[in-house]
1. Kindly indicate which of GLU87, GLU103 is at pLDDT below 95 and of a type in the set (Asp, Glu).
2. Name the pairs: first residue in segment 574-585 and over 15 Å from HIS52 (Cα atoms), second residue open to solvent by 60 Å² or more (accessible area, probe 1.4 Å), Cβ to Cβ under 7 Å, at least 6 apart or on different chains?
3. Could you look through segment 438-465, keep only residues that are closer than 18 Å to PRO85 by Cα and touching a Pro at 6+ places or on another chain (Cβ under 8 Å), and pick out the one that is most open to solvent (accessible area, probe 1.4 Å)?
4. Within the bounds of segment 368-380, is there any residue that is part of a strand (DSSP E or B), touching a residue at least 24 places away in the same chain (Cβ under 8 Å) and open to solvent by less than 70 Å² (accessible area, probe 1.4 Å)?
5. Of the residues THR182, THR196, only one is away from ligand 2 (no atom under 16 Å from the Cβ), surrounded by fewer than 17 Cβ atoms within 10 Å (Cβ to Cβ) and modelled with pLDDT under 90; which?
6. Looking at this structure, is ALA767 open to solvent by less than 50 Å² (accessible area, probe 1.4 Å) and assigned to a loop (DSSP other than H, G, I, E, B)?
7. Determine if segment 586-604 includes at least one residue that is under 22 Å from VAL61 (Cα atoms) and polar (S, T, N, Q).
Amino acid sequence: MPPRYEPRAIEVNWQKYWEERGLFNASEDPNRPKYYVLEMFPYPSGRIHMGHVRNYTIGDVVARYKRMQGFNVLHPMGWDAFGLPAENAAMAHNLHPAKWTYENITYMRDQLKALGYSYDWPRELATCDPEYYRWEQLIFIEMLRRGLAYKKKAPVNWCPKCLTVLANEQVEGGACWRCDSTVVLKELDQWFFKITAYGEELLSDLDHLPHWPERVLAMQRNWIGKSLGAEIRFPLAAGGEPITVFTTRADTVFGATFMSLAPEHPLALSLSRGTPQEAEVRRFVDYWRAQNRTRGLLEEISKEGVFTGAYCLNPVTGWRMPIYVANFVLMEYGTGAVMAVPAHDQRDFEFAQKYDLPIKVVIQPPGTKELLRTEAMAEAYEEDGVLVDSGDFTGLASAAARAAIAAYLEDQGWGRQTVNYRLRDWLISRQRYWGAPIPVIYCQRCGMVPVPEKDLPVVLPLDVEITGEGGSPLAQLASFTDVACPACGGPAKREVDTMDTFVESSWYFLRYACPDYSQGPLDPPRVNYWAPVDQYIGGIEHAVLHLLYSRFFTKVLRDLGLVRISEPFQRLLTQGMVLKEGAKMAKSKGNVVDPDDLIKAYGTDTTRLFLLFAAPPEKDLEWSDQGVAGCHRFLQRLWNLAHSLLPDMVRIPVYRGTGDDISPALWDFRHKVHKTIKKVTEDIEDSFHFNTAIAAVMELINAFYLAVDNIDRQQNKAANEVFREALEAIILLLNPMVPHIAEELWHTLGHTTSLQEVPWPVAQPEALEEPAFEVVVQVNGKKRGSIEAHAADHEAVIEAKALTDANIRKWILGREPKKIVWARNRRLINIVI
Ligand SMILES: [Zn+2]
Ligand SMILES: [Zn+2]
């Protein structure tokens, strides 16, 4: 009777074995290629959930696979440990955030260890550790020196429930990203990081990240939001300073038929001076200047205006454009003057209809047969399209035309191209307790003074009371706030804001290279050896926040001389969600599967295998209890197969022949083994398609069972050797996915060193050759036919087949062949008679 497959006993045993031997602890080795694989570190919320397990299992397969491929692999784990939930939990359970956080870390670390991940645990870090954030404070001070950190009064997004400021990235549709409360605007003194200084580089470097998902690249491009606009100057018909407008729609300039000025525009009154219109213009301007006009209210009022009596010239068409003063143009937006394009702007359209001004269509919707006609228009066509009636630019698409027209205007001296970004500076101040203190002191005499490096870290005091009322608890703690000014020694106050926790996660991946380094944030030789991360794995929800900030921070650290790289993550994989009954697992939906329960019932290997097998990593995965049971049965089947071949296997060597000495059936089986090695390698290497890789091994095991039944091992001396070769290949191929059962079987086969140090198998070219091939048969140098041969056939077997073939026998005429000549790599024989 073979031993029972008892996963938990095996798993605990091998986890201990690996840890005791430090098999996953990396150190720099200039003689081996390095590979840095990283999963986004978790927030220590209390328990590992199935989404984590999927994320980390993918990373672990990559780490183990790359180790077997000969890479020096760094695969660390840590904790994104500051943040609001700790404070909320503190209030709810009367527990200090530090205690809550560290208890959760202890529990979750044990969970991760039970899952058998090949982490380099000695590198573990927690961002709430002063030994971590002291370096962040130092980086902050360096950024302050370079003007990359600054303070200004700003209307900020304020979450009334979380009682804190939110970055723009943290407001989703007007609501707090964390609690969904409606965000309000509040005017406060806030710290910012000048991410806009890197806007262009953050955008253009996206072109050099071919191994990032297109969707993430698109989201970052959109977030940075570079748009090209144009400033255009319209000369006055009567001479003098031209009128300057700003537009994002330079493609419509051929349709500009009049000009609208804000009532506050300096030309509004001066143009009409001394003309019959003067009195009317003055009445209009006085009236509308007195009104409280905001962009919101403009939608409500009816569009009104008054002709100034003056004209300007459209610089591209030469048209005389009447100049109006209009109540819907605002001075504080743009230049206070608007080129009116009634066919393609709804407000201009309504205005033109009211005052009977010309409307000229210059953009046609793309791909429609029905052309826009001025007479038939009920409203403006505001979308992009194809240019018509636009001189040399006719036929261009709007986007191309915007650039081309701006360039033309610049060339002619009538304007210039302008660049705008949606990206705003990163607001990092948080009026919260559980975060890294901002290392700044305010002195009545010296003003703002950065904390000197020797006084770092500014340690977050632990003796606070967290009530959730009255703002930050730090502000109420005199022992923290009241200090002597580092410059003059006079009385001074500490900054009480803490940093957004996204600051910690913007550089932790670099600190893993040297978590114990005490001379600075990063140890140059170590960080330059490991950086960048070769493969980063995490959720798509971080497409803008974390992934953009990390890219920004990497560039800043490069400019501070701390790293050589410009981009932190070479390849990015965004894994899909784990769904149950079509919905993301959530306590509130009651559809959560707890990893702990699953490990108890089936073991870690089954859990890992299911998460890898059920879907490709980037796709959502639907939970299936049957699927889990099926994966467990598969491992049981592998276990039984191995044990059915034991104990004979222990003393049998792996087959080392070329295939000439084995029967066709055995040859075919061996061919399948090597084809599987090739497929699994390609599936993992090219695309991390673990599901198809696993399916291929499952097929191989089916074929293995058939081979064991059908091939007589007594008759076939090499059979046991081929079976041993196959069994070892299967164990090696499955090791990254199910390392515990793999290691157990490996040792059962008689090996005494860890499977984790054995190289990845390589498919042998001769075993990959298709087993059946055609042999051309000549008689005395003339082709007379062909026969089917098998790779395992001896030459004598093939010759006998040729000599007995009915077609060829006709040409041999019953004679005894003088000799048989082989040619073309066993694909041709010539029978000489
Ligand atoms: Zn909130
Ligand atoms: Zn001072």
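1. Answer to the selection: GLU87.
2. Pairs that qualify, where the first residue is over 15 Å from HIS52 (Cα atoms) and the partner is open to solvent by 60 Å² or more (accessible area, probe 1.4 Å), are ALA583/LYS589.
3. Looking at the filtered set, the residue picked out is GLU465.
4. No, every residue in segment 368-380 fails to be part of a strand (DSSP E or B), touching a residue at least 24 places away in the same chain (Cβ under 8 Å) and open to solvent by less than 70 Å² (accessible area, probe 1.4 Å).
5. Only one candidate qualifies: THR182.
6. no
7. Yes.
Here is a yes/no grid of residues against (1) in contact with a Pro (Cβ under 9 Å, 6 or more places away or on another chain); (2) open to solvent by less than 80 Å² (accessible area, probe 1.4 Å); (3) in contact (Cβ under 8 Å) with a residue 12 or more places away in the chain; (4) at negative phi:
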| residue | (1), (2), (3), (4) |
| --- | --- |
| ARG784 | no, yes, yes, yes |
| ASP793 | yes, yes, yes, yes |
| ASP805 | no, yes, yes, yes |
| PRO817 | no, yes, yes, yes |
| ASN825 | no, no, no, no |
| ILE833 | yes, yes, yes, yes |
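The values are calculated or read from the model by the stated rules, or taken from the named source; none is laboratory data. Note that the structure is predicted; figures quoted are calculated from it, not measured. Note that each Cβ is placed from the backbone with ideal geometry, even for glycine, and that neighbours are counted across all protein chains shown. Heads up: the accessible areas ignore ligands, DNA and RNA and are worked out on the full protein's heavy atoms, side chains in. Shrake-Rupley method; radii C 1.70, N 1.55, O 1.52, S 1.80 Å.
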